[in-house]
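Please read the structure below before turning to the comments.
Please treat every number below as a calculation from the coordinates, not as lab data. In this text the structure is predicted, and so the values were computed from the model without any measurement. Note that each Cβ is placed from the backbone with ideal geometry, even for glycine, and that neighbours are counted across all protein chains shown.
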Amino acid sequence: MENRQYDVTALGELLIDFTENGTSSQGNPLLEANPGGAPCNVLAMLAKLGKKTAFIGKVGKDQFGTQLETAVKEVGIDTRNLIFDREVHTTLAFVHTYPGGDRDFSFYRNPGADMMLTKEDIQEDLIRSSRIFHFGTLSSTHPGVREATRHALDLARKAGCLVSFDPNLRPPLWKDLADAKAEIEYGLGHCDILKISDNEVEFLYGTTDYDKAAAVMKEKYQIPLILITMGGEGSRAYYQDLKAEAAPFLTDRTIETTGAGDTFCASSLNFVLENGLTGLTREDLTKLLTFANAAASLVTTRKGALRVMPTRDEVLDYIASSGRTL
C-alpha cells in the first residue's frame with residue numbers, strides 16, 4: 001500500500017461558502033464567494049504538506065462549479081473524478097460569523113449538485129490507488145449519494161485502504177436528526193481513523209464526558225484511532241490503551257473558525273501517512289495533537305480555508321513562537 005499513487009482520496013461535498021466581508025455604502029452585508037466543503041479542505045491541507053490527493057464529487061455546470069474546479073486544481077488536488085451536473089446547480093452555503101469566530105450556516109441545497117453523485121460516477125481505480133479514503137456524512141443525507149458513498153467505502157475496504165471518517169454534522173441538512181445519528185453510527189462502524197468534535201459526541205451520547213464516550217466507541221466499533229476536538233479546550237487522542245491530550249493554541253487573531261476542524265483532520269492523517277497506525281506511543285499521539293491543534297489555530301486567523309492552508313514550516317514556527325515543542 002505504501003507505493004499507491006494517491007495518499008488520500010476524499011468523497012463528498014464541494015460548494016461555495018458565502019462569508020461576510022464588510023458592509024456596502026448602503027449598510028448591506030458584502031459576501032465573498034469562498035471555495036468550501038470539508039473534504040477538499042482536508043485534501044488542500046494534505047497537499048500543502050506534500051501529499052498527493054484526489055477528490056470524488058459533483059458540482060453544477062455553472063459559474064460556481066467552474067470556480068470550484070479552478071480552486072481545487074490550484075491547490076494541487078486531482079480532479080479527474082470531479083463531475084459537472086448540467087441539470088442541478090452547485091450547492092451554496094451562507095455563513096454568518098459571530099464574535100469569537102463561531103458560525104451559523106444557511107444552505108441552498110434542495111437539491112444541490114453534490115447530492116447528485118451516483119455509484120456509477122465513481123472511478124473505482126482511483127480508490128484502489130489510494131492509501132487512505134476519507135468521507136463524512138454530508139454525502140449520506142439523501143438516498144442516491146448515500147448509495148454512492150457506501151459503494152466507495154466498500155471499494156476502499158476491499159482494497160485495503162485505511163478509512164478516515166469525520167461526521168461533520170450539519171443539522172439543517174437533515175430532514176430527521178435520527179437519520180443523521182444513524183449515518184454517523186454507520187461511519188463509526190466502518191472507519192480506522194475517527195475525527196469527531198465535542199458537539200458531535202454530545203449529539204450522539206448526550207454527555208460531555210469525552211473519555212467515557214471514547215470508551216464506548218472503541219468498545220462497540222473497534223476504531224483504532226479516535227480523535228476528539230474540543231475547540232478552546234484542545235484535543236484528545238485514544239489509541240489502544242493510551243490516551244493523550246494537547247492544549248489548544250489560543251490566539252486573539254481569530255477571524256473565523258471555518259476549516260479549523262478540517263485542518264486538524266488533515267494534519268492527523270498526514271501524521272498517520274508518515275508514521276503508520278501501528279505501535280504508536282503516547283508521545284506520538286501528543287505530537288500528532290500538538291501539530292494538528294497549531295495548524296487549526298493558524299487557519300482561524302485567515303479568511304476562507306481551502307486556499308489559505310498553512311505550510312509545515314508555518315505550523316512549526318507557530319508552535320515554536322508559542323513556547324512549545326513537538
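Listing for the model above:
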| item | result |
| --- | --- |
| Cβ-derived FRET efficiency at R0 41 Å, Glu274 paired with Ser25, nearest 0.05 | 0.20 |
| Label-point gap, in nm, between Thr286 and Tyr205 - each point 7 angstrom along Cα→Cβ | 2.4 nm |
| Gaussian network model of the chain, springs between alpha carbon atoms under 10 Å - residue of Ala295, Ala182, Ala113 with greatest fluctuation | Ala182 |
| Reach of Lys52 by Cα under 29 Å, taken over lysines that are not fewer than 8 positions away in the same chain | Lys61, Lys73, Lys119, Lys158, Lys195, Lys287, Lys303 |
| Charge sum, other residues only, whose C-beta stays under 14 Å from Ile228's C-beta, Lys/Arg counted +1 and Asp/Glu -1 | -3 |
| GNM top mover of Asp241, Asp198, Asp211 - the chain, alpha-carbon springs below 10 Å | Asp241 |
| Matching label, Cα extents along the principal axes in Å computed from the structure shown, candidates [x] 50, 49, 39; [y] 73, 51, 35; [z] 75, 46, 45 | [x] |
| Projected label distance in nm at Ser322 and Ala247, using a 7 Å step from Cα toward the beta-carbon | 1.0 nm |
| Least to most buried among Arg302, Arg131 (fewest other Cβ within 10 Å first) | Arg302, Arg131 |
| Spacing of the two label points (7 Å from each Cα toward its C-beta) at Glu74 and Ala33, in nm | 1.3 nm |
| Radius 13 Å from Cβ of Glu147, net charge of other residues (Lys, Arg +1; Asp, Glu -1) | -1 |
| The chain, relative contact order in percent, only Cα pairs under 8 angstrom and at least six apart counted | 17 percent |
| Assigned charges on the beta-carbon of Lys, Arg, Asp, Glu; the chain dipole about Cα centre (debye) | 500 debye |
| Of the DSSP H helices in the chain, those whose Cα atoms cover at least 18 Å axially and whose Kyte score averages 0.0 or more | 260-275, 282-299 |
| Residue-count net charge about Leu204 - beta-carbon cut-off 9 Å; Lys, Arg +1, Asp, Glu -1 | -2 |
| Förster radius 35 Å - calculated FRET efficiency between Phe107 and Ala215 (Cβ-Cβ, nearest 0.05) | 0.55 |
| Exposure proxy ranking, count of Cβ atoms within 10 Å, fewest first, for Leu138, Leu316 | Leu316, Leu138 |
| Net lengthening on full extension, Glu233/Glu314 (0.36 nm per residue, minus Cα-Cα) | 26.9 nm |
| 10 Å Cβ shell holding at most 12 others, DSSP loop, GluC sites (Glu not before Pro): longest site-free stretch of the chain | 88-326 |
| Charge-dipole axis of the stretch 72-186 as Lys and Arg at +1 and Asp and Glu at -1 on Cβ define it, positive-most pick from Val75, Ser106, Pro171 | Val75 |
| DSSP-defined antiparallel bridges as percent of all bridges, the stretch 6-321, nearest 5 | 45 percent |
